[in-house]
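Taken together, the values in this text are just the output of simple stated rules run on the coordinates, not laboratory data. Model, not experiment: these values are computed from the prediction. Neighbour counts run over all protein chains shown; Cβ positions are idealised from the backbone, glycine included.
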Amino acid sequence: MKMPQGVKQAEIGIWATIAVSALVSLIDKLQGFISEGEFFFALILYSVFCIFPYKIARGSNPARYIFAVLTAFSILGTFAVIAQVSKLDLISTILLLPVQAFIFYRLFHHDATDWFGSAGKSIT
């Protein structure tokens, strides 16, 4: 079964959110809001997140769910420590909320759910 267009759109959206987040971390580092260690930790975290669009594009249903849970926790975590994040980080989080909602919608739409179910069965 061919990957649905919605899953491809979600994959592109995930790559875009990772890129924006990494750029915000770089700007925070250059402005001195985060330390070098925090910056490198963020880059490592974003590197790990790069696994998700790769695995999702290959039909990994567990990757879809793990991505959704980790993304939800990261959004909630940002709002939980709102006083400690940079203004740019907060603004980017708020601006990316519709993008994240679109990604979730596309990843859990019925055609995507059908594709993830059939993709897992066809992989040996």
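Fully extended, how many nm does the chain gain between TYR105 and PHE41 (0.36 nm per residue separation, minus their Cα-Cα distance)?
20.1 nm
If the cut-off is 18 Å between C-alpha atoms, which aspartates and glutamates fall inside it for LYS8, apart from same-chain ones fewer than 8 positions away?
Output for LYS8: ASP111, ASP114.
In degrees between 0 and 90, to the nearest 10, how far off the longest principal axis of the chain does helix 5-30 point, with axes built from Cα atoms?
So the inclination is approximately 10 degrees.
By how many degrees, between 0 and 90 and to the nearest 10, does the Cα long axis of helix 61-80 differ from the longest principal axis of the chain?
Once rounded, the angle reads 20 degrees.
If we count every other residue with Cβ under 15 angstrom of GLU38's Cβ, Lys/Arg +1 and Asp/Glu -1, where does the sum land?
Summing Lys and Arg as +1 and Asp and Glu as -1 gives -2.
Tell me the angle of helix 110-122 to the major Cα principal axis of the chain, expressed in degrees between 0 and 90 and rounded to the nearest ten.
For helix 110-122, the angle is close to 70 degrees.
Just to confirm the filter: which trypsin sites (Lys or Arg not before Pro) across the range 1-37 are DSSP coil and have at most 11 other Cβ within 10 angstrom of their Cβ? If you can, show how the numbers build up before the last one.
Working: sites: LYS2, LYS8, LYS29; in loops: LYS2.
When the trypsin sites (Lys or Arg not before Pro) of the range 1-37 are filtered for loop state and at most 11 Cβ neighbours within 10 Å, LYS2 remain.
Kindly give the semi-axes, whole Å and largest first, of the ellipsoid equivalent to the range 5-120, taking each as the square root of 5 times a Cα gyration tensor eigenvalue. Intermediate values should be presented prior to the final figure.
On the way: eigenvalues 158, 39, 25 Å².
Whole-Å semi-axes of the equivalent ellipsoid: 28, 14, 11.
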